[in-house]
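What follows is calculated from the coordinates using simple rules that are stated; it is not laboratory data. Computed from a predicted structure; not experimentally measured. When we count neighbours, we look across all protein chains shown, and the Cβ atoms used for this are built from the backbone with ideal geometry, even at glycine.
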Protein chains: 2
Amino acid sequence: MKHPYNLQLDALKSAYANHAFSPRELIQALRERALQLNPEYKLFIHILTEEELAPYLANLEATGPESLPLYGVPFAVKDNIDLAGVPTTAACHAFSYIPAKNATIVAQLIALGAIPIGKTNLDQFATGLNGTRSPYGLCRNSVLAEYPSGGSSAGSALAVALGLASFALGTDTAGSGRVPAALNNLIGLKATKGLISTAGVVPACRTLDCTTFFTATALEASKLLALTARKDPEDEYSRANVGWNTGRSFGIPASGFKFGVPKQLEFLGCAESQALFERSVSTLETMGGIAIEIDFSAFLEAAKLLYEGPWVAERYSVVGELIENNPEAVLPVIRDVLQKAPTATAVQAFRAQYKLQALKVKTDAILANLDFMITPAYPRPVTLAELAAEPVKRNSDLGTYTNFMNLLDYAAVAVPAGFMRNGLPSGVTLFGRAFCDQYLLSIADSFQRTSKLPLIGQFEFTAAPPTTLAKNDRSQLLVCG
Amino acid sequence: MKHPYNLQLDALKSAYANHAFSPRELIQALRERALQLNPEYKLFIHILTEEELAPYLANLEATGPESLPLYGVPFAVKDNIDLAGVPTTAACHAFSYIPAKNATIVAQLIALGAIPIGKTNLDQFATGLNGTRSPYGLCRNSVLAEYPSGGSSAGSALAVALGLASFALGTDTAGSGRVPAALNNLIGLKATKGLISTAGVVPACRTLDCTTFFTATALEASKLLALTARKDPEDEYSRANVGWNTGRSFGIPASGFKFGVPKQLEFLGCAESQALFERSVSTLETMGGIAIEIDFSAFLEAAKLLYEGPWVAERYSVVGELIENNPEAVLPVIRDVLQKAPTATAVQAFRAQYKLQALKVKTDAILANLDFMITPAYPRPVTLAELAAEPVKRNSDLGTYTNFMNLLDYAAVAVPAGFMRNGLPSGVTLFGRAFCDQYLLSIADSFQRTSKLPLIGQFEFTAAPPTTLAKNDRSQLLVCG
């Protein structure tokens, strides 16, 4: 679908500089388009009213387009992230509350000039990877009506894919910031845990939750990360960024980088998904990368811990009281996921943590010899009909390559990887050691430029490629060793 | 008590270089002395037989004193740490097993030339801070018979204090490497979690356990740490050391260092303990330090989590099966400590971890402005009679200043701080950020030299003071921006 506006950050900057339109005109047009599209896509739980938008626009009109790095940039907010004065529902009406305060990341973005346009639909309590587990309606895919948007950050991905926002905030505990990116031709940045504040975000698993960005390009995700990665005193799990992972580390990857490819690849019988993945590996090789086959079993074993192990107790610690007092308020599928949590013991929780730590020693050792890893975003896409028939199994399938990521403390970026013959977008995930986000984004940027795949809205790259070399922790070793 | 041998590392090195005696002669003499003292002090669960000692002596006799850094240095091993071929009991006969392999730290020390002389008594399963909770007998204090040795590394502290070993290995989860040091005029180094391997150590709380050193001087602890701090692939919780924390960082502390002193100090009515602590603060000021009063409440709140919170489930995960199948095998006081563990839920475990993380944000912020903190080692000493009357309460009192340390991931050193009028040794604890061990030891070394307190065995310092400046993470910041 051709979008009426090119909302990429640099395109928008030029448009404002050339007075092509004002933020007020753009936001009004996007709001009308959102109201028009929402009955079909169910992407918004709340679209900001003109009254609610007024103060943001008034603030911008008091300054000029050159003064703020995100001046007049429209963004959508997943509805488990607080926007002051507007309900946070987490897709559960009985849970909903009106926050007095913005989440830290929302406050940062507004301070930088960005404009929130709406609160987006999600799998209830961010528990799901498909986008259909919401009483506010099922989120269909942005391209094909018979597929889901992916979840849990379903509406956020759609807001960007449908040309209603330059970027959107999601969250990611098990893959919620990556699966919907892949299904909608987007970049999904799940940065290193703690780099983007989760203060003001409804927890799923508080020790694992990440706030994420959906964008059309890796370049934009790099800019947003560089602008917002800060240690937040209001988030106990916040971490300070490191010197080799700032915006200046984004660049062209030096040739000869080593990337891991799982020996064990699962496409659940989908030859097309396999072919698209193999083409992505070839693209990385074209870029000068060296593919190294690695044993993926420890990653897959860690993935199992997320829902089969005691980490469901973290989710229960948020939703448990509501389930106990008012079970009907929570979707049956979410209740089912959490049913084992109340009986899990602290002994089991610690033993699972030991097991995870043992697996992390193995996976860290594998990553130590690589610059990053590539996997499919998911084995194969699932249709809405398949999801309706087997809601838990099909959802689990989508998490094959995502569930281990936050448990093992790795950074990840979902990157568009072409289209199925039916037109459905496909994606791969690049991941690596914590605090290598800007390096992963550099690879993703180069990948997007090399593969020359059409961006959302059929737009092309409008920004020049970087001119400096990309850096990661290994570059740091060479410099400071 | 005057010792027959000065077993300090450098004294021993000179003695061997001068052929004053051979390792064989020394070990034989120490063995006889150990057999003589053990009926009174109950410090050893097992004293190595001449047969068991033979291979270690034979190995040394194949080399020379200059070839190995710990050539012929006798050391004692807490009996929850594996020494191949000799039972590991953890002070519980029913639990005992004969390991085929040395614990990593034991293997390292033997490879460096040190000679294990025996397995030392402890509070059962390292659960206790007093040294009386053992079916292998109660460990009295090295100086005064009416006081305990302190625990849980009771026999290890005694082995050094009684002149039977140059150093001893202990463990420390809640203070077990620090309380017995203070009560016996020793340095107790509880290094940063993960710096000294715990592979081959019976876990207490596996996420918190540390292997520790008891020595007469901080200088010796610095040497031992520098020789053994390595990332161990066999210990999942092992961590690599950092550049500013090697043996080269041990030195003279630059004047103007800032140290925190708790506003809330508890001496449980013991004016003598208070006076000794105040004198220690004055000593640090004499050394050029600047005392800064800090709010200690977050540290004290974290301390409560260790036994009142779900971390007892970690202990239960080791001992629980034995308690269930054979309750009589475990001391009643240990069973009591663990009784709440089986009912603790995973939800409680995660919530306690959130609470700890929130407290750590507060305590980290306090430490960020300091080079280190000083506290008493314990509020006041307790007598054996008091312990017998109120075993749990008096034990808890001893942990007032120790229980928070590993939960908050800090490094700590117990340092001798003078003597009560009755002759009982007293101690303080210096602690600070992870990976500042060598800096803390530098402060401890300077403290020992400045305070001029008699060492164990009435020996004096035989090593010259360092000539370079001590370094910590702050020095690193200055150097590398």
| said: Given points 7 Å out from each Cα along the Cα-Cβ axis, report the A:Asp295 to A:Ala100 separation in nanometres with one decimal. | reply: 5.6
| said: Using C-alpha positions alone, give me the convex hull volume of the range B:213-330 per residue in cubic angstrom. | reply: 217
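Tell me whether the range B:221-260 comes out rounded, prolate or oblate; compute the Cα gyration tensor, take square roots of the eigenvalues as a ≥ b ≥ c, and use a/c under 1.5 as the rounded threshold.
Numbers: a/c = 3.10, a/b = 2.09, b/c = 1.48.
Prolate.
For the protein assembly as shown, rounded, prolate or oblate, judged on the Cα gyration tensor with a ≥ b ≥ c (square roots of eigenvalues), a/c < 1.5 rounded, else prolate if a/b > b/c?
Values: a/c = 2.11, a/b = 2.06, b/c = 1.02.
In terms of gyration-tensor shape, prolate.
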| said: Order A:199-208, B:319-328 from most to least packed using the mean count of other Cβ atoms within 10 Å. | reply: A:199-208, B:319-328
| Gap separating the Cα centres of the range A:422-465 and the range B:251-302, nearest whole Å | 55
| Say the dipole of the protein assembly as shown comes from +1 at the beta carbon of Lys and Arg and -1 at that of Asp and Glu; which of A:Leu7, B:Ala302, A:Ala388 then lies farthest toward its positive end? | A:Leu7
| task | State the antiparallel share, in %, of DSSP beta bridges confined to chain B, rounding to the nearest 5. | result | 65
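Give me the net charge of A:Ala291's neighbourhood, meaning all other residues with Cβ under 14 Å from the Cβ of A:Ala291; Lys, Arg count +1, Asp, Glu -1.
On the way: positive: A:Lys258, A:Lys263, A:Arg279; negative: A:Glu278, A:Glu285, A:Glu293, A:Asp371.
Result for the local shell: -1.
Regarding the range A:268-402, what whole-number volume in Å³ per residue does the convex hull of its Cα atoms give?
Working: hull volume 18.3 nm³, N = 135.
Enclosed volume per residue, from the Cα hull, is 135 Å³.
When you look at the Cβ of every residue in B:306-317, what mean number of other chain Cβ atoms sits within 10 Å? Please list the in-between numbers first.
Values: counts 0, 0, 0, 1, 5, 2, 2, 7, 7, 2, 4, 8.
Per-residue shielding by partner chains comes out at 3.
For B:347-358, what's the mean count of beta carbons from other chains sitting within 10 Å of each residue's beta carbon? Each step should come with its number before you reach the end.
Details: counts 15, 5, 13, 14, 4, 2, 5, 7, 1, 1, 5, 2.
The per-residue average across the peptide is 6.
Evaluate 2.2 N^0.38 Å with N set to the residue count of the range A:9-68, then give the Cα radius of gyration divided by it. Could you put the intermediate results ahead of the total?
Values: Rg = 13.2 Å, N = 60, 2.2 N^0.38 = 10.4 Å.
Rounded to two decimals, the normalised Rg is 1.26.
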| said: If each DSSP helix of 4+ residues adds -39,500 (n - 2.57) and the sum is divided by the residues in chain B, what number results at 222 nm, nearest 500 deg cm²/dmol? | reply: -11500 deg cm²/dmol
| request: Specify, per residue and in Å³, the volume enclosed by the convex hull of the alpha carbon atoms belonging to the range A:110-194. | output: 99
| remark: Using the Cα gyration tensor of chain A, the equivalent ellipsoid's semi-axes, largest first and to the nearest Å, work out to 30, 28, 22
| task | May I ask for the percentage of alpha-carbon pairs in the range B:284-327 that lie more than 11 Å from each other? | result | 75
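Which value, in debye to the nearest 20, describes the size of the charge dipole of the protein assembly as shown about its Cα centre when Lys and Arg Cβ atoms bear +1, Asp and Glu Cβ atoms bear -1, and nothing else is charged?
Values: 80 positive and 86 negative charges, 156 e Å.
Rounded to the nearest 20 debye, it is 740 debye.
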| note | Semi-axes (Å, rounded, descending) of the ellipsoid equivalent to the range B:122-252 per its C-alpha gyration tensor are 25, 18, 10
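Restricting to the protein assembly as shown, compute how many DSSP beta bridges are antiparallel as a %, nearest 5.
Working: 59 of 91 bridges.
Among the beta bridges of the protein assembly as shown, antiparallel pairing accounts for roughly 65 percent.
Let me spell out the model: positive unit charges on the Cβ of Lys and Arg, negative unit charges on the Cβ of Asp and Glu, origin at the Cα centre of the range B:1-63. What dipole size does that give, in debye rounded to 20?
Details: 6 positive and 8 negative charges, 51 e Å.
Dipole size: approximately 240 debye.
For A:Leu408, what is the net charge nearby, where nearby means another residue's Cβ is under 11 Å from its Cβ and Lys, Arg count +1, Asp, Glu -1?
Result for the local shell: +1.
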| task | Kindly put A:Ile196, B:Ile98, B:Ile115 in sequence by how many other C-beta atoms sit within 10 Å of each C-beta, fewest to most. | result | B:Ile98, B:Ile115, A:Ile196
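With the convex hull built on the Cα atoms of the range B:381-481, state its orientation-averaged projected area in nm². Before the final figure, lay out the partial values.
Numbers: hull surface 35.5 nm².
For the range B:381-481, the mean projected area of the Cα convex hull comes to 8.9 nm².
If you take each beta carbon of peptide B:338-346 and count the beta carbons of other chains within 10 angstrom, what is the mean? Present the calculation step by step, with values, prior to reporting the outcome.
Values: counts 0, 0, 1, 4, 3, 2, 5, 13, 20.
Mean partner-chain Cβ count within 10 Å for B:338-346: 5.
If a/c stays under 1.5 just call it rounded; otherwise compare a/b with b/c (prolate if a/b is bigger, oblate if not). Do that for the range A:1-122, with a ≥ b ≥ c from the square roots of the Cα gyration tensor eigenvalues.
Details: a/c = 2.17, a/b = 1.40, b/c = 1.55.
Verdict is oblate for the range A:1-122.
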| message | I want to check the label-to-label distance for A:Lys258 and B:Ala58. Put each point 7 Å from Cα in the C-beta direction and report it in nm to one decimal. | response | 4.2
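Which order results if A:Thr171, A:Thr246, A:Thr468 are arranged by neighbouring Cβ count within 10 Å, fewest first? Let's see the in-between values first.
Details: A:Thr171 25, A:Thr246 15, A:Thr468 11.
Ascending number of Cβ neighbours within 10 Å: A:Thr468, A:Thr246, A:Thr171.
Arranged by the count of other C-beta atoms within 10 angstrom, fewest first, what order do B:Leu112, B:Leu359 take? Present the calculation step by step, with values, prior to reporting the outcome.
On the way: B:Leu112 15, B:Leu359 23.
Ranking B:Leu112, B:Leu359 by Cβ neighbours within 10 Å, fewest first, gives B:Leu112, B:Leu359.
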| Span from the the range B:203-219 Cα centroid across to the the range B:378-409 one, whole angstrom | 17
| request: At 7 Å along the Cα-to-beta-carbon direction for both B:Ser14 and A:Leu35, put a label point, then send me their distance in nm to one decimal. | output: 9.2
| Cα centre as origin, Lys/Arg/Asp/Glu Cβ charges: the range A:1-132 dipole, Debye | 200
| query | In a shell of Cβ-Cβ distance under 15 Å around B:Arg248, excluding B:Arg248 itself, what net charge do Lys and Arg (+1) and Asp and Glu (-1) give? | reply | -1
| field | Dipole of chain A, positive end: most advanced residue of A:Thr402, A:Ser426, A:Thr375 [Cβ charges, Cα centre] | value | A:Thr375
| query | Taking the Cα centre of the range B:15-170 as the origin and placing charges on Cβ (Lys, Arg +1; Asp, Glu -1), which of B:Ser142, B:Ala100, B:Pro55 is farthest toward the positive end of the dipole? | reply | B:Ser142
